[in-house]
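Scroll down for the structure; my scribbles are underneath it.
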Amino acid sequence: MYSLFVYRSASVWHLPLLKAADFFGNSAKSISGRFARYIACRIDAYIAADFRKRADFFDQISEAAQELSLNKAIAVMNVHKELISTVYKLDELIQQSDSEILKSSFFRFTKAIFKYESKLHRRITENTPVEQTPQYVKDTMAALRRNSILQLTEKGKI
């Protein structure tokens with residue numbers, strides 16, 4: 001269906017590139033400032049294009065998430081959790097960036113990743129039995145709600 005290598009390597013190599021772009025962007029104040037800004041913009045554009053490509057990839061495979069077997073969905077979800085931890089690290093670096101193109105393409109990328117995660121989660125939990133809430137819990141919650149509203153009306157807050 002899809003290459004696990006491509007899936008696992010998604011965004012892991014962006015960390016050094018983002019640090020390089022930040023370095024070139026900071027060195028724009030030095031002697032060769034224009035060239036450093038040019039390099040930083042090119043790196044940002046390259047990473048943004050790759051984020052868009054990977055977002056399209058996750059959009060395509062999210063459509064097929066419901067067709068995965070339960071065991072395969074659990075295995076993919078474990079790999080996906082590792083990817084999400086890397087995405088959080090990338091998010092910290094990208095929020096420090098000044099590039100709006102990079103931020104918008106990363107937003108689309110994270111949206112596609114979390115959409116895929118939700119479809120995987122739905123696939124894993126779709127056959128889980130739903131337990132009904134016991135009546136005593138419902139009664140207790142209703143009594144707490146009623147008591148708190150009565151206390152607020154007595155104090156004149158409502």
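Some observations on this one:
- Calculated accessible area for region 44-110 comes out at 55 Å² per residue, all protein chains present (probe 1.4 Å; ligands, DNA, RNA ignored).
- Accessible surface of region 40-158, 1.4 Å probe, proportion on carbon and sulfur as whole %: 53
- Links that overshoot a 31 Å alpha carbon limit, given the list Lys115/Lys138; Lys81/Lys138; Lys72/Lys138; Lys53/Lys119; Lys89/Lys119: Lys115/Lys138; Lys81/Lys138; Lys72/Lys138
- The phi torsions of region 65-71, fed into the Karplus equation with coefficients 6.51, -1.76 and 1.60 and a -60° offset, translate into couplings of 5, 6, 8, 6, 6, 5, 5 Hz, rounded to whole numbers, with Gly and Pro shown as x.
- When nucleic acids and ligands are ignored and a 1.4 Å probe is applied, Lys89 ends up with an accessible area of around 120 Å².
- Prolate/oblate/rounded label for region 36-120 (Cα gyration tensor, a/c 1.5): prolate
The values are calculated or read from the model by the stated rules, or taken from the named source; none is laboratory data. Every value quoted in this text rests on a predicted model; they were computed, and no experiment measured them. For the accessible areas, the whole protein counts, side chains as well, though only heavy atoms, and no ligand, DNA or RNA atoms are used. Shrake-Rupley method; radii C 1.70, N 1.55, O 1.52, S 1.80 Å.
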